Amino acid sequence: MASLLPIASGKGGVGKSVIAANLGVALAQAGRTVVLVDLDLGGSNLHTFLGVRNRAAGIGAFVWKAERRLGDLLTDTGQERLWLVAGDGLLPGTANLEWFVKQRILKELSRLPADFVILDLGAGSSYNVVDFFLSSAGGMVVIRPEVTSILNAYSFLKTACFRTLVRSFPEKSEGRHAVLDFAKMKTEGSGVSFLEFARELSLRFPEGGSAALNAISGLRPRVVMNLGGSGGAAADDARLGYRLREIAARNLGLSVEFVGYLPDDPAVPRSLAARIPLVSLDPDSPFSRGMRAIAGRISGAGHRASLALEEGEATLESLMDETRG
């Protein structure tokens, strides 16, 4: 079964699609079979980062049942062991999916003939994005070293926790009403995290509550900091990153795990202009070194949500070192 790796961001402009494309290439170069799926519904452009012409049918053909299998939509990227399922940003109806359509897509994603299926999701906290993000307990969130990016990433993770709780209970059930009531409260500063509330739900509503507790307890979001600075700026970046980990642990009960630090590399814009992923265009650039380190970490983890089980939790400072020659 393919290992799903959703990549999301709390806001746009953090380089999420650049990372998705380069991670796919890095994993393929490491000998893994990879499918990149453009699930930025309504704004798909992942093919441009790979230098692939978007002439083939995309995800919309599956949504509208013109194709029965996602595997029939695989496009050759020109990179050995790397395939693309393109998006359909101009096809009406793909930006807002019914729950049963998302279930169909998720079922097909796990059947794709690959070691890893990377999902390039849209920015923000819409339920489309969050539901696909929750297809893996170890989804990746991309941030940049700015306060607004940290706050938006926290908001995204909070929505993911809320959605996890809601989906654990049937519509109009007492358990779901309890979750909705909890969501109306300001949890920050209350001393009650989403994880602690899930424990309470497991006692009040054992059936759905136990599922909710298991789901939230198993979440271990992976975070990549992109567009990082150097010198003293890098130290400031680390403090911001640790701030996200701190508030996610305190208010949500989540263990945020850092898996990569990517510097603001001037070679990236050049690779975008050339439409060649930087790990192929300039393998020795700081960004490429950081991407290969992330790929190695992800590849070694396989289906495990947590990378820290065997390696020990990485610090942002140690991840910074990986980008230096």
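The values are calculated or read from the model by the stated rules, or taken from the named source; none is laboratory data. Please read these numbers as outputs of a predicted model, since none were measured by experiment. Glycine gets a Cβ as well: all are built from the backbone with ideal geometry, and neighbour counts include every protein chain shown. Quick note on the areas: whole protein, heavy atoms, side chains included, nothing else; ligands and nucleic acids left out. Shrake-Rupley method; radii C 1.70, N 1.55, O 1.52, S 1.80 Å.
Quick look at the numbers
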read-out: Helices (runs of 4 or more DSSP H) contained entirely in region 113-221, each with at least 1 residues that are of a type in the set (G, A, S), open to solvent by 60 Å² or more (accessible area, probe 1.4 Å) and under 30 Å from G296 (Cα atoms); value: 206-218
read-out: Region 21-72, residues that are within 19 Å of S271 (Cβ to Cβ), surrounded by fewer than 17 Cβ atoms within 10 Å (Cβ to Cβ) and under 17 Å from the mean Cα position of the chain (by Cα); value: N45
read-out: Test: residue in region 172-186 that is within 15 Å of F205 (Cβ to Cβ) and among the polar types (S, T, N, Q); value: yes
read-out: Residues satisfying the stated conditions in region 1-23, i.e. modelled with pLDDT of 95 or more, outside any strand (DSSP E or B), in contact with a helix residue (DSSP H, G or I) (Cβ under 7 Å, 6 or more places away or on another chain) and not β-branched (V, I, T); value: G10, S17, A20, A21, N22, L23
read-out: Given (1) of a type in the set (F, W, Y); (2) out of contact with any Ser or Thr (no Cβ under 7 Å at 6 or more places or on another chain); (3) under 21 Å from V142 (Cα atoms), number of the condition Y261 does not satisfy; value: (2)
read-out: Count of residues meeting criterion [in a loop (DSSP other than H, G, I, E, B), at pLDDT 95 or above and among the hydrophobic types (A, V, I, L, M, F, W, C)] in region 24-51; value: 1
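Results for (1) touching a residue at least 60 places away in the same chain (Cβ under 8 Å); (2) more than 20 Å from D131 (Cβ to Cβ), shown as yes or no for each residue.
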| site | (1), (2) |
| --- | --- |
| H177 | no, yes |
| D181 | no, yes |
| T187 | yes, yes |
| S193 | yes, yes |
| A198 | no, no |
| L203 | no, yes |
| E207 | no, yes |
